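The values are calculated or read from the model by the stated rules, or taken from the named source; none is laboratory data. Just so we're clear, the structure is a prediction, and the values are computed from it rather than from any experiment. Every residue, glycine as well, gets a Cβ built from its backbone with ideal geometry; the counts of neighbours run over all protein chains shown. SASA here: full protein model, heavy atoms, side chains in, ligands and nucleic acids out. Shrake-Rupley method; radii C 1.70, N 1.55, O 1.52, S 1.80 Å.
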Amino acid sequence: GELCAILLLSGREGVALDVGNANAAHPALAQLSVTDADKSQRAVQTRLFVADGQDNHRRPIHRTFAEYLAARHLAQRIQVRGLPLSRVLAWMGNSDGGVVAGLRGLHAWLAVHCPACRDTLIERDPLGVLLYGDAAGFATADRLKVLRALEQEARRYPWFRNVDWRSSPFGALGKPDMADALR
């Protein structure tokens, strides 16, 4: 999770297993500031990582897996170790106060893994939370917040959904306890 967080937040594709094969997209694993270098070395040898162009380059097997694991790691750092949410949001943010497009999945999974941060994350990108995370497990109050935040977003910017018209992620809001709100 830590290694995935570093890669996603820095915009890197993967890691190089040795310094001689490092490049801009694949920094050397040994040069990254990870908490446990041995654990990271073992992690890149698992099936969570695959060769990326060269035998000594590794990248996460799938971006969604990387986002999920990175968010779980960041949630633990926020809730247990006191990493300020404001710092994480600054890493993921763009100039208009939203979320950088390439980090919306990480942001959405952070909303899943960090209930203490959920209100702030929903407020910042309610559509991303639905499209890229898993709001089905949210409490009724949290799903109501998502619905209200979507309404606010639609009032502010009517074309906020112009890129992605899938309806399946909205199924997370379609539970019996949401019937009155949806009516």
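Worth a mention:
- Loop-located trypsin sites (Lys or Arg not before Pro) in segment 1-95 (DSSP state other than H, G, I, E, B) with a sparse environment of at most 14 neighbouring Cβ atoms within 10 Å: 47, 81.
- In Hz, Karplus ³J(HN,Hα) per residue of segment 121-133 (6.51, -1.76, 1.60; θ = phi - 60°; x = Gly, Pro): 5, 5, 4, 6, 7, x, 5, x, 4, 6, 6, 10, x
- Helix screen, the chain: DSSP H segments with Cα axial length of 15 Å or more and mean Kyte-Doolittle hydropathy at least -1.0 are 63-79, 140-156.
- Surface analysis of segment 44-83 yields an accessible area of 61 Å² per residue, using protein heavy atoms and a 1.4 Å probe.
- Segment 136-166 versus segment 18-55: alpha-carbon centroid distance in Å: 37 Å
- Computed accessible area, residue 132, all protein chains, 1.4 angstrom probe, square angstrom: 90 Å²
- Between residue 34 and any residue 5 or more places off or on another chain, the built amide H atoms are never under 5 Å apart.
- Among 71, 108, 139, the residue with the largest mean-square fluctuation in a Gaussian network model of the chain, with springs joining Cα atoms closer than 10 Å, is 139.
- Share antiparallel - DSSP beta bridges, the chain, percent rounded to 5: 90 percent
- Surface share of carbon and sulfur [accessible, 1.4 angstrom probe, percent] for the chain: 51 percent
- Table column - 3J(HN,Hα) (Hz), segment 13-28, Karplus curve with 6.51, -1.76, 1.60, x for Gly and Pro: 7, x, 10, 9, 6, 9, 4, x, 9, 6, 8, 4, 7, 9, x, 5
- Taking a sphere under 13 Å around the Cβ of residue 16 and counting the other residues whose Cβ falls inside, with K and R at +1 and D and E at -1, yields a net charge of -1.
- The chain - Kirkwood radius from inverse mean 1/r over Cα pairs (Å): 17.5 Å
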